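What follows is a set of notes on a single structure, which appears directly below.
The values are calculated or read from the model by the stated rules, or taken from the named source; none is laboratory data. These numbers come from a predicted model, not from an experiment. A quick note on method: Cβ atoms are made from the backbone with ideal geometry, for glycine too, and the neighbour counts reach across all protein chains shown.
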Amino acid sequence: MSLEAETASADKLRNAMVDGLRPWGAALSGQVDAAMRAVPRHMFVPDVPLERAYGPDPVVTHRDGDGVPVSSASAPGTVAGMLEKLDVRPGHRVLEIGAGTGYNAALLAHLVGPAGSVTTIEYDEAVASAARAALSGMGAAVTVVHGDGMLGAPGGPTFDRIVVTAGAWDIPKAWWEQLAEDGRLVVPLRILGLTRTVVFERAGAVLRSRSVMEDGFMPMRGVGAVREQNVPVGSGPALVVRLDDDRPVDASALQDALEHPAAVYWTGVAVPWGWTEHLDFWLATLEGFCRLLVSRAAVEDGRLMAPKGPWGSMGVVEGGTLAYLTTRPTPDSDAEMPSYEIGACGYGPRAAELAARLAERVRDWDRDGGQRVRLWIEAYLADAGHPELSGVLLAVDKRDSRVLVRLAEPAPAAA
Ligand SMILES: C[S@@+](CC[C@H](N)C(=O)[O-])C[C@H]1O[C@@H](n2cnc3c(N)ncnc32)[C@H](O)[C@@H]1O
């Protein structure tokens, strides 16, 4: 294909990509729409066909020695959604953590214009060099720094906006120091194993969320890496217990537990499509909270009950007992509007007790507003004294910051 033909084809695909974007259900604003139509995404992922570069999925660009993806161009919908929430204005100074391909940094440079500045930090040296080359090839004025973004921009100024494009376990001191007093921070934050993209606004010593959205991200590497544990249980394995800390897990006792039938509690709480807004935060208040990845084979051969989600469910593990959420269609469920009742199933010597505990938290969630629940998240520097804890659902101490999940008034019921 000639260069002209390739450019025309890329322009067409790019416009089609942007036409289809409605991140988190909302239309794009004029500025983000214009930036995404202007920046040639395919130049940042030169090794994939144009159709993939402008497709809806993330494009993995680097893997580690075990084949695990460590760098990518995030999905266009995720990129657009984060930019919308970041609310970048011309003249802003923006810091990005996780340069990856450099694509998002190029969009940021478009948004800040000639009066602003963009600095992006990348942990991986080879990734940083490739991003630098792609950005300079396009003439985008971006400073690419090779380093650990958890430590902030070396000698950097104060930034109006900080956007983090890898899953962070903490809000490190450096970001507090480098975020302007009224600045905005958009970060996929991991709270007890639950990753939520949180849009924070700073008001002095507190970061208060404007929105909390569920999305997946590659985990942060370096000093801020999460110590995730994945413990296989049973043959196959039948399931994997995923923990965000180093709690001991008795895999052989849990394997014995799976040999017995489940204790099941149905909650009477039914939800369309099985969607349960923020329910995981209610479960996260329970002792032994964790994620259980249940294998499809173990469900299909009848060893285990189907988990609530396609890959698993949040649940609890205590000693040789585990419990997780499951669902069943309600009698009035139909193909157009499927409806599912939530239940809890337990395996092991205390199966009934743990399943009942989980089921009770589902009912608590329902009483607090169910699908209409709204949360906000606050963060404080860990050494900034003790914030008010009334109305707090969860308080989680990180290394540098203290994160509080608070319950807001539920959204009004639909008419
Ligand atoms: C999903 S990719 C970023 C996508 C990117 N913003 C783009 O537009 O292509 C996440 C990136 O974060 C980087 N990363 C992980 N830990 C980091 C850290 N501690 N500091 C800086 N970058 C980090 C990874 O190497 C990876 O390139």
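Brief remarks follow.
- Criterion applied to ARG242, ARG190, ARG196, ARG247 was being farther than 16 Å from ARG161 by Cα, buried (at least 20 other Cβ atoms within 10 Å of the Cβ) and touching a Gly at 6+ places or on another chain (Cβ under 9 Å), and the one residue passing it is ARG190.
- When the range 340-365 is filtered for residues that are over 26 Å from the mean Cα position of the chain (by Cα), of a type in the set (Lys, Arg) and assigned to a helix (DSSP H, G or I), only ARG357 remains.
- Any pair with Cβ under 7 angstrom, 6 or more apart, that starts in the range 170-197 at a residue that is acidic (Asp, Glu) and ends at one that is assigned to a strand (DSSP E or B): ASP170/SER401; GLU181/ARG202; ASP182/ARG202
- Contact map, the range 372-398: residues that are small (Gly, Ala, Ser) and buried (at least 17 other Cβ atoms within 10 Å of the Cβ) paired with residues that are at pLDDT 90 or above and in a loop (DSSP other than H, G, I, E, B), Cβ distance under 7 Å, separation 6+ or inter-chain. Pairs shown: ALA379/ILE171.
- Filtered residues of the range 225-235 (kept if more than 16 Å from the ligand (Cβ to nearest atom) and either among the β-branched types (Val, Ile, Thr) or within 20 Å of LYS308 (Cβ to Cβ) (or both)): ASN230, VAL231, VAL233, GLY234
- Scanning the range 230-262 for residues that are farther than 17 Å from MET314 by Cβ, outside any helix (DSSP H, G or I) and free of Cβ contacts under 8 Å to residues at least 40 places away in the same chain yields PRO232, SER235, ASP246, PRO248, GLU259, PRO261.
- With respect to (1) outside any strand (DSSP E or B); (2) closer than 18 Å to VAL316 by Cα, the lone exception for ARG227 is condition (2).
- Single condition ARG93 does not satisfy, out of (1) within 12 Å of the ligand (Cβ to nearest atom); (2) farther than 24 Å from ARG37 by Cβ; (3) of a type outside the set (Ser, Thr, Tyr): (1)
- The residues of the range 212-224 that are in contact (Cβ under 8 Å) with a residue 60 or more places away in the chain, more than 8 Å from the ligand (Cβ to nearest atom) and part of a loop (DSSP other than H, G, I, E, B) amount to a single one, ASP215.
- Scan of the range 44-77 for residues that are near the ligand (Cβ under 9 Å from one of its atoms), at pLDDT below 95 and farther than 15 Å from ALA131 by Cα, ordered by number: PRO69
- Test: residue in the range 173-185 that is at negative phi, within 16 Å of the ligand (Cβ to nearest atom) and under 15 Å from the mean Cα position of the chain (by Cα): yes
- Residue in the range 289-301 that is in the same structural domain as ARG361 (by TED's automatic domain parsing), part of a loop (DSSP other than H, G, I, E, B), free of Cβ contacts under 8 Å to residues at least 12 places away in the same chain and under 28 Å from the mean Cα position of the chain (by Cα) present: no
- Residue-level check: of (1) farther than 26 Å from ALA174 by Cβ; (2) touching a residue at least 40 places away in the same chain (Cβ under 8 Å); (3) among the β-branched types (Val, Ile, Thr), VAL88 misses just (1).
- Any hit, the range 276-287, residues being modelled with pLDDT of 95 or more, more than 15 Å from ALA356 (Cα to Cα) and of a type in the set (Phe, Trp, Tyr): yes
- Residue check for GLY116: at pLDDT 95 or above, within 9 Å of the ligand (Cβ to nearest atom), surrounded by 18 or more Cβ atoms within 10 Å (Cβ to Cβ) and of a type outside the set (A, V, I, L, M, F, W, C): no
- Total residues in the range 34-49, condition surrounded by fewer than 16 Cβ atoms within 10 Å (Cβ to Cβ) and part of a loop (DSSP other than H, G, I, E, B): 4
- Residues of the range 124-153 classified as within 8 Å of the ligand (Cβ to nearest atom), within 20 Å of ALA75 (Cα to Cα) and either touching a Gly at 6+ places or on another chain (Cβ under 6 Å) or among the aromatic types (Phe, Trp, Tyr) (or both), total: 1
- Every condition in (1) touching a residue at least 24 places away in the same chain (Cβ under 8 Å); (2) part of a helix (DSSP H, G or I); (3) basic (Lys, Arg) is met by ARG52 except one, and the failing one is (1).
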